[in-house]
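K.L.:
Quick one: structure below, then a few questions.
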Amino acid sequence: MIIKIALLATFGLFAFTSCVEKEDKSAREFPQELLIDSERYELAELIVFNYGPNPNLYQGASFNLSLISEGIKVHTDSATVPDSLSGTGYVLHLETYSPDSLSIREGEYLLDTSKALYTISQADLITYNLSNSISQSLKSGSLEVIRLGEVYTLVGAFKGQEGEEVEFSFQSELNVFRRF
């Protein structure tokens, strides 16, 4: 009888562990998307520039994040650093202030022009087409940064000047380009 109970307990533990592992994997999968008034656009890339310490902050640094939709081509210089964009699509550009000077730290960042830690001083939705680009400043919103190992998940929601809803989620390892 004790052997049967031990076998059942072992099987139950194995089944429970298998379910937990499956749940953990699916929890890490986020859609790579930008939603503008519920219209969906696939996000293809994230470019992160570290502009170094902010003289107004005791610690931390300024990080510019550019979430780039499909249809936009990223051009690089001879050192493979992104230097221009072309094509048709959208770029969501966020100027963030992180307490970490090497990478953007986990937490919630609020759109606030104070340039304090855990803020976004500027948020722009840029529309690219074949002949030009149009930039629209976003007036309110937030960004949540989640980190699991080297994988970052960015989830955000913003409001445009005309009340447009801009939401996104993106998950990737970060390749940070230093600009100082």
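The values are calculated or read from the model by the stated rules, or taken from the named source; none is laboratory data. As the structure is a prediction and not an experimental result, all values here were calculated from the model. FYI the Cβ positions are ideal-geometry reconstructions off the backbone, even for glycines, and counts take in every protein chain you see.
K.L.:
Kindly evaluate E95 against the criterion of being at pLDDT 95 or above, within 14 Å of the chain's Cα centre (by Cα), closer than 16 Å to L174 by Cα and surrounded by 18 or more Cβ atoms within 10 Å (Cβ to Cβ).
P.N.:
Yes: the conditions hold for E95.
K.L.:
Can I ask one more? What's the total number of residues in the range 159-180 that are over 13 Å from the mean Cα position of the chain (by Cα) and buried (at least 18 other Cβ atoms within 10 Å of the Cβ)?
P.N.:
So the answer is 2.
K.L.:
So, in the range 93-110, exactly how many residues are part of a loop (DSSP other than H, G, I, E, B) and touching an Asp or Glu at 6+ places or on another chain (Cβ under 7 Å)? Give the steps one after another, and end with the answer.
P.N.:
Kept after step one, since they are part of a loop (DSSP other than H, G, I, E, B), are these residues of the range 93-110: 99-106.
Subsequent filtering for residues that are touching an Asp or Glu at 6+ places or on another chain (Cβ under 7 Å) retains none.
Counting residues in the range 93-110 that are part of a loop (DSSP other than H, G, I, E, B) and touching an Asp or Glu at 6+ places or on another chain (Cβ under 7 Å) gives 0.
K.L.:
In the range 80-113, how many residues are among the small types (G, A, S) and within 21 Å of G160 (Cβ to Cβ)?
P.N.:
Residues that pass the stated criteria total 1.
K.L.:
Working only within the range 57-79, note down all residues that are assigned to a loop (DSSP other than H, G, I, E, B), farther than 19 Å from I126 by Cβ and either in contact with a strand residue (DSSP E or B) (Cβ under 9 Å, 6 or more places away or on another chain) or at pLDDT 95 or above (or both). Outline the logic, then answer.
P.N.:
Within the range 57-79, the subset assigned to a loop (DSSP other than H, G, I, E, B) is 57-60, 70-71, 77-79.
Going one step further and asking which of them are farther than 19 Å from I126 by Cβ, we end up with 57-60, 77-79.
Within the range 57-79, L57, Q59, G60, D77 meet the criteria.
K.L.:
Another question about this same structure. G163 - would you say it is free of Cβ contacts under 8 Å to residues at least 60 places away in the same chain and either on the phi > 0 side of the Ramachandran plot or in contact with a Gly (Cβ under 8 Å, 6 or more places away or on another chain) (or both)?
P.N.:
The answer is yes for G163.
K.L.:
Report yes if some residue within the range 73-80 is more than 22 Å from G52 (Cα to Cα), assigned by TED's automatic domain parsing to the domain that holds L143 and in contact with a Gly (Cβ under 7 Å, 6 or more places away or on another chain); otherwise report no.
P.N.:
yes
K.L.:
Next up: Select from the range 155-180 the residues that are of a type in the set (D, E, K, R), part of a strand (DSSP E or B) and over 18 Å from F49 (Cβ atoms) and list them in ascending order.
P.N.:
Listed by number, the residues that qualify are K159, E165, E167.
K.L.:
Still on this structure: Taking only pairs six or more apart or across chains, which ones have beta-carbon atoms under 8 Å, a first residue in the range 79-99 that is in contact (Cβ under 8 Å) with a residue 24 or more places away in the chain, and a second residue that is among the basic types (K, R) and not in a loop (DSSP other than H, G, I, E, B)?
P.N.:
Listed by first residue and then by second, the contacts come to L85/K73; S86/K73; G87/K73.
K.L.:
For T113, state whether it is part of a loop (DSSP other than H, G, I, E, B) and among the β-branched types (V, I, T).
P.N.:
Yes, satisfied.
K.L.:
Pairs under 6 Å by beta carbon, first residue in the same structural domain as S114 (by TED's automatic domain parsing) in the range 133-146, partner of a type in the set (S, T, Y), six or more apart or different chains?
P.N.:
I134/T127; L143/Y109; I146/T153
K.L.:
Here's a follow-up. Of the residues Q122, Q136, which single one is closer than 23 Å to E165 by Cβ, surrounded by 14 or more Cβ atoms within 10 Å (Cβ to Cβ) and modelled with pLDDT of 95 or more?
P.N.:
Q122
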